[in-house]
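Engineer: A single structure is presented below for examination.
The values are calculated or read from the model by the stated rules, or taken from the named source; none is laboratory data. Everything numeric here is computed off the predicted structure, so don't read it as measured data. So basically every Cβ, Gly included, is an ideal-geometry build from the backbone, and we count neighbours across all protein chains shown. Remember, those area values only see protein heavy atoms, side chains included, never the ligands or the DNA or RNA. Shrake-Rupley method; radii C 1.70, N 1.55, O 1.52, S 1.80 Å.
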Amino acid sequence: MGKRVTFGNTFIGIALIVPQLLLVFTFFYWPTGEALYWAFTLEPPFGGGNQWVGWQNFETVFSDPKYYNSVKVSLIFAVGTTTMSISFALLLALFVDRQLPGYRVYRFAYFWPYALAAPAVGLAFRFIFAPQAGFVSAINTYFPGAWNPATNGNDAMLLIMLANAWKMVGYNFIFLLAGLQSMPRALLEAAALDGAGALRRIRDFQLPLLAPTLFFVLVINLTESFVDSFGIVEIVTNGGPANATDLMVFKIYTDGFVGKDYSLAAAQSIILMLLVVALTVVQFRFIERRVQYT
Amino acid sequence: MTARRLSVLSALAFGLISTSALAQAPIKFDYWYGLTGQLGDVMAEHCKRFNASQSKFEAVCAGQGGYDKAEQNTIAAFRAKQHPTIVQIYDAGTVNFLLSGAIKPATELVKEFNMKVDWKDYFEGVSNYYATSKGEMWSFPYNSSTALLYFNKDHFAKIGKTEGPKTVEEWFADIRKIKAGGHAACGFGFDFDTWMPLEQFSAIHNLPIASRNNGYDGLDAELVFNKTKFADYMKDWKKLLDEGVASIQTSQTGKTILQAFTDGSCSTVLSSVANHGVVASTIKPGTNWGVVMLPVYEGTQRHNSLVGGASLWVMAGKSKDEYAGAAAFLDFIASAPEVKWMPNATGYIPITKTAFNQMTAEGFYKDPKYAGREIAMQSLTFTPPNEITRGIRLGNFTSIRAEVRSELEAAFTGKKDVQTALNDAVARGNQILRRFEQTFKGKTLP
Amino acid sequence: MIERTPILNFVTHAILLSGLVILLLPIFIVLIATTHDLPTVNTVPMPLWPGSHMLENWSAAWTKGDFARALVNSLVVAVGVTVGKITIAALSAFSIVYFRYPGRTVLFWLIFITLMLPLEVRIVPTYAVAADALRPIKALFSLGNIDIGLPEWNLLNSYTGLILPLIATATGTFLYRQFFLTVPEELCESAKMDGAGPLRFFWDILIPLSATNMAALAVIMFVYAWNQFLWPLLVVNKPHMMTATVQLDRIVPGPLFGQPPIWNEAMAATLIVMIPPLIVVIMLQRWFIRGLIQSDK
């Protein structure tokens, strides 16, 4: 990473990054450090004298079958929802980029879902997909019991994946389109003159040039599906039925925020963070290597 | 610059002229409440009523977006020394606050400020829930409710009944008949909330949920509900579900139990009396409906049901002035007119005997809009509370409820059999209790 | 267009149109729900044609949520976060990509890791910091037994308190880094040959080039800040400082109380809260186009 051509003025370089570092130190590292310290103690809700318990909280976490379940469903959710939303967004972005008449309408409208707050998305999806009331309930009149996210864990998982993917399509779309549109048009036109068809151009020019942006949305989507899926889960399934959608961050939230067990939540936060960091390192090492930057 | 200097000058001038006016400015104190929606509006209204009733104090009231968030926000604020003077905390948060060291016991405030509150005037079922094991009040009872069985009289008329069921057996027979006769899509709608089936059911059957008198006697209590009649009760529910007589009604299925009751698809549901007003205003016009006490199994001596809702806690570390304001506010809301105002505005019950007697005398319960709510009072006062029916005092009860809930989900969606699910719930709940005990090592419940 | 391809054009329109339907149907249903009275909204299934109660639902939602005030607050916060993040992230990414000093990879990761632990998880200690933002710095100095006499800086109930913690994340830095890495080396080379210093290169060349990405980031950040819920709920407890999403939550009661939500009004409030981010999208559309034209030159 980094450029061959750089500036030598180290002082300016460091001065430029200081504001960001100050902010992350004050509002991220300090509070996070405090929370992580709790992972090795038993912290009473109101504070006032915690006890050092070493690895006990981690032992509690790792001896809990429901914790492994939550790791499993988080992975399924992350991979599923990321695949759905990036591929759909890429499809739409490639086609909008052809700039046929009316593409401005699409370009504008596709972003709408992202503008909705997560709880609102959750409400809308719960409403539409409810087995007794929603519009999808029609399926059940033909195939009784075919769709019931309230009692069937797989249906519930599919539902939150759809809701999250639907919301993220707008996000991915906007970045992918920005990436596509900042490509030199001349290059594509030259390729077209050489007789390269649309699919060829996508494969040989647009996708390779889009790789940095694709890499960005991949990392962001995977990370966000781990750490930012809370709003949708809470409204749509509330972690149920029977923990089928009990994602890691939702479990941390319910154990810590709702259950007031800050220490257990802190231990889980460390594990979540290590997992996401590991995942990101893997992406940087194995995927970014294939990304051509200039 | 000039503007600022001017404003400083004018502030000084203003200060010189109007010291006397400033002295009369009301003393402010913060009050946070948890209720949202229509009920949150009622909370805000109660604040306004207090502020309008006198000029010495001003309650600055802020909704926190839910009971759980009110508790969490208060804890976060306390850690940063930014907490309010008064906070509304729901029943399940009681133990946390008793052990917190962050509060000022209600009795202390009453003594310091010579408050008019008469503890004996509260219904015992209400006051006992918030009292220490020695019977001292540590918080002020506020919005209170209990559970009832709601039934659709039209459905019951079709099987020749005019009265609601009194026993569990009778209730199950009724709804089986209704379902068999095709008078309703579902005889009984339920969700996975534990308050009705576990907590209220155990109280009215005089069954313990945990050892050590439901936890009142110490933090070393252990859950026992998998071995009581509650387990049979849940097995019976499962049977009804498998027969198609009962159905699961949650917001995920599309209709909550209340919606399923008010649109006529379910003949009976168990819910809080606090929802009495909601049912009255949203039920399909022309529907005849009523409420009865929660049914008991035949051959069981009925006991009092439990109070639910929230109480008001006074936090530690505030100024004398703020405490004076808090005392005035709490005296205000405990006065008979205000205790009576609450049931008018919501479905909550009057919490003092004086207010209840006055309301009865004034014919409140004869009004068709409110008729039936007196049954909640009968249920709550059916017997004097004993060591088991006075309440539940378990550490981190919110998490225990969540565990029971998720195990019930597993049982009712067919992933586990009922007894296994309850055994698992007890085992996991006990782990939560042991962690809590360890966290509060060396502390005892007051 | 580049060439004439009628079949491909047809496919394009078909796909784009079905994408539109899939993405907008939920919003359409929400919109329809705001035009009915409560009993109609609660019927199963809800009718899909509009009713006649739109005005009263919207005005009820507007008054109940006190949105006149709340939208202004949200706007201040969202603009603050957007501007702050775009600026700070551009500076730090520039520093990481275009300078070679020891430890810059470490610094990048230090910033990047902030993506991996959401605010929800560390909200209690973050709140404690917001109550005195200088506490971490004081604590650092007091490790060396130095009391630098910093005052207490309480951010609760202030715009600063709403904005600063939301800026302290890495999305922007990461995006700029990704973009700067695609900028041809020759640009920097020739700038250096022309004798331009780093700041001049940054301002005259990099910033104009990043317009499209900046617009995208601005949109995302605006929406992100606009939709924050837990943080404003905690940091603000004075009614006049409440943000729009907090007010929205007040209209939709939580599940604890068993009250059926007043869907028609709640959905109207949802749409009210959704409109400002949409306006931002419309306004920033121009930038997308401008960015495009520039790269075409």
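Each row is one residue, and each column tells you yes or no for (1) crowded, with 20+ Cβ neighbours inside 10 Å; (2) within 14 Å of chain B (Cβ to nearest Cβ); (3) modelled with pLDDT under 90.
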| position | (1), (2), (3) |
| --- | --- |
| A:167 | yes, no, yes |
| A:193 | no, no, yes |
| A:199 | no, no, yes |
| A:205 | no, no, yes |
| A:218 | no, no, no |
| A:229 | yes, no, yes |
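Engineer: Which members of the range A:143-165 meet the condition of being open to solvent by 20 Å² or more (accessible area, probe 1.4 Å) and of a type in the set (Val, Ile, Thr)?
Structural biologist: Scanning the range A:143-165 gives a single hit, A:151.
Engineer: Could you count how many residues in the range C:175-204 are over 20 Å from residue A:15 (Cα atoms), open to solvent by 20 Å² or more (accessible area, probe 1.4 Å) and within 27 Å of the chain's Cα centre (by Cα)?
Structural biologist: Residues meeting the conditions: 2.
Engineer: Of the numbered conditions (1) within 28 Å of residue A:114 (Cα to Cα); (2) touching a Ser or Thr at 6+ places or on another chain (Cβ under 8 Å), residue A:275 fails exactly one; give the number of that condition.
Structural biologist: Looking at each condition in turn, residue A:275 falls short on (2).
Engineer: Just to be sure before I move on: is residue C:115 open to solvent by 30 Å² or more (accessible area, probe 1.4 Å), within 14 Å of chain A (Cβ to nearest Cβ) and not in a loop (DSSP other than H, G, I, E, B) in the structure I sent?
Structural biologist: no
Engineer: Does any residue of the range B:250-269 turn out to be within 18 Å of residue B:187 (Cβ to Cβ), assigned to a helix (DSSP H, G or I) and at pLDDT 95 or above?
Structural biologist: no
Engineer: If I go through the range A:116-152 residue by residue, how many of them are more than 17 Å from residue A:229 (Cα to Cα) and not aromatic (Phe, Trp, Tyr)?
Structural biologist: Matching residues across the range A:116-152 total 20.
Engineer: Report whether or not residue A:267 is modelled with pLDDT of 85 or more, farther than 30 Å from residue A:120 by Cβ, assigned to a helix (DSSP H, G or I) and open to solvent by less than 40 Å² (accessible area, probe 1.4 Å).
Structural biologist: For residue A:267, the condition - modelled with pLDDT of 85 or more, farther than 30 Å from residue A:120 by Cβ, assigned to a helix (DSSP H, G or I) and open to solvent by less than 40 Å² (accessible area, probe 1.4 Å) - is met.
Engineer: When you check residue B:305 against the structure, is it open to solvent by less than 10 Å² (accessible area, probe 1.4 Å) and either part of a loop (DSSP other than H, G, I, E, B) or at pLDDT below 95 (or both), yes or no?
Structural biologist: Yes, satisfied.
Engineer: Could I ask something else about it? Considering only the range A:180-188, I want to know if a residue exists there that is of a type outside the set (A, V, I, L, M, F, W, C), surrounded by 18 or more Cβ atoms within 10 Å (Cβ to Cβ), more than 20 Å from residue A:226 (Cα to Cα) and within 7 Å of another protein chain (Cβ to nearest Cβ).
Structural biologist: Yes: the range A:180-188 contains one or more residues that are of a type outside the set (A, V, I, L, M, F, W, C), surrounded by 18 or more Cβ atoms within 10 Å (Cβ to Cβ), more than 20 Å from residue A:226 (Cα to Cα) and within 7 Å of another protein chain (Cβ to nearest Cβ).
Engineer: Among (1) modelled with pLDDT of 85 or more; (2) within 30 Å of residue B:71 (Cα to Cα); (3) facing chain A (nearest Cβ under 9 Å), where does residue C:229 come up short?
Structural biologist: Checking residue C:229 against (1) modelled with pLDDT of 85 or more; (2) within 30 Å of residue B:71 (Cα to Cα); (3) facing chain A (nearest Cβ under 9 Å), the one that fails is (1).
Engineer: Here's something else I'd like to know. Looking at (1) outside any helix (DSSP H, G or I); (2) in contact (Cβ under 8 Å) with a residue 12 or more places away in the chain, find the lone condition where residue B:414 falls short.
Structural biologist: The one condition residue B:414 does not meet is (2).
Engineer: Something else about it: Please state which one of A:284, A:257 is part of a helix (DSSP H, G or I), aromatic (Phe, Trp, Tyr) and surrounded by fewer than 17 Cβ atoms within 10 Å (Cβ to Cβ).
Structural biologist: Criteria check complete, one pass: A:284.
Engineer: For the range C:168-209, give me the residue count where each residue is among the aliphatic types (A, V, I, L, M), within 8 Å of chain A (Cβ to nearest Cβ) and over 23 Å from residue A:220 (Cα atoms).
Structural biologist: Going through the range C:168-209 one residue at a time, the tally reaches 1.
Engineer: Additional query: Select, from B:425, B:402, the only residue that is in contact (Cβ under 8 Å) with a residue 60 or more places away in the chain, not in a loop (DSSP other than H, G, I, E, B), not hydroxyl-bearing (Ser, Thr, Tyr) and not assigned by TED's automatic domain parsing to the domain that holds residue B:103.
Structural biologist: B:425
Engineer: Taking residue C:145 as the residue in question, decide whether it is open to solvent by 30 Å² or more (accessible area, probe 1.4 Å), over 20 Å from residue A:12 (Cβ atoms) and touching a residue at least 60 places away in the same chain (Cβ under 8 Å).
Structural biologist: Considered against the rule, which asks whether it is open to solvent by 30 Å² or more (accessible area, probe 1.4 Å), over 20 Å from residue A:12 (Cβ atoms) and touching a residue at least 60 places away in the same chain (Cβ under 8 Å), residue C:145 comes out as no.
Engineer: I'm trying to understand the selection: among the residues of the range A:96-131, which are open to solvent by 30 Å² or more (accessible area, probe 1.4 Å) and away from chain B (no Cβ under 14 Å)?
Structural biologist: Passing the criteria: A:99, A:101, A:102, A:104, A:105, A:108, A:112.
Engineer: Considering only the range B:52-62, state which residues are open to solvent by 20 Å² or more (accessible area, probe 1.4 Å) and closer than 20 Å to residue C:157 by Cβ.
Structural biologist: B:58, B:60, B:61
Engineer: Looking for something assigned to a helix (DSSP H, G or I), open to solvent by 10 Å² or more (accessible area, probe 1.4 Å), of a type in the set (D, E, K, R) and without any contact (Cβ under 8 Å) to a residue 24 or more places away in the chain - is there at least one such residue anywhere in the range C:63-81?
Structural biologist: Looking through the range C:63-81, none of the residues is assigned to a helix (DSSP H, G or I), open to solvent by 10 Å² or more (accessible area, probe 1.4 Å), of a type in the set (D, E, K, R) and without any contact (Cβ under 8 Å) to a residue 24 or more places away in the chain.
Engineer: With the requirement that a residue be open to solvent by less than 10 Å² (accessible area, probe 1.4 Å) and either farther than 25 Å from residue B:71 by Cβ or in contact with a Leu (Cβ under 7 Å, 6 or more places away or on another chain) (or both), what does the range B:408-425 give you?
Structural biologist: B:410, B:411, B:421, B:422
Engineer: Please specify each residue of the range C:46-62 satisfying the condition of being open to solvent by less than 90 Å² (accessible area, probe 1.4 Å) and not small (Gly, Ala, Ser).
Structural biologist: Hits for the range C:46-62 are C:46, C:47, C:48, C:50, C:53, C:54, C:57, C:58.
Engineer: Another one. Of the conditions (1) at the interface with chain A (Cβ under 9 Å from one of its Cβ atoms); (2) farther than 23 Å from residue A:95 by Cα, residue C:9 satisfies every one except a single condition; which number is it?
Structural biologist: (2)
Engineer: Report yes if residue B:434 is farther than 24 Å from residue B:274 by Cα and assigned to a helix (DSSP H, G or I), otherwise no.
Structural biologist: Criteria met by residue B:434.
Engineer: May I pose another question? Tell me which of these residue B:193 doesn't satisfy, since it passes every other one: (1) of a type outside the set (A, V, I, L, M); (2) under 30 Å from residue A:149 (Cα atoms); (3) open to solvent by less than 10 Å² (accessible area, probe 1.4 Å).
Structural biologist: It fails just one condition, (3).
Engineer: Now for a different question. Which condition breaks for residue A:45 when tested against (1) assigned to a loop (DSSP other than H, G, I, E, B); (2) surrounded by fewer than 22 Cβ atoms within 10 Å (Cβ to Cβ)?
Structural biologist: So residue A:45 meets the others, but not (2).
Engineer: Then there is this: Is it the case, given these coordinates, that residue B:347 is buried (at least 20 other Cβ atoms within 10 Å of the Cβ), within 30 Å of residue A:43 (Cα to Cα), in contact (Cβ under 8 Å) with a residue 24 or more places away in the chain and not aliphatic (A, V, I, L, M)?
Structural biologist: no
Engineer: Here's another thing I want to ask about it. Can you tell me how many residues within the range A:57-73 are under 22 Å from residue B:424 (Cβ atoms), open to solvent by less than 80 Å² (accessible area, probe 1.4 Å) and in a helix (DSSP H, G or I)?
Structural biologist: 9
Engineer: Just one of B:70, B:44 is buried (at least 23 other Cβ atoms within 10 Å of the Cβ), among the hydrophobic types (A, V, I, L, M, F, W, C) and under 22 Å from residue C:235 (Cα atoms); which is it?
Structural biologist: B:70 is the lone residue from the list that is buried (at least 23 other Cβ atoms within 10 Å of the Cβ), among the hydrophobic types (A, V, I, L, M, F, W, C) and under 22 Å from residue C:235 (Cα atoms).
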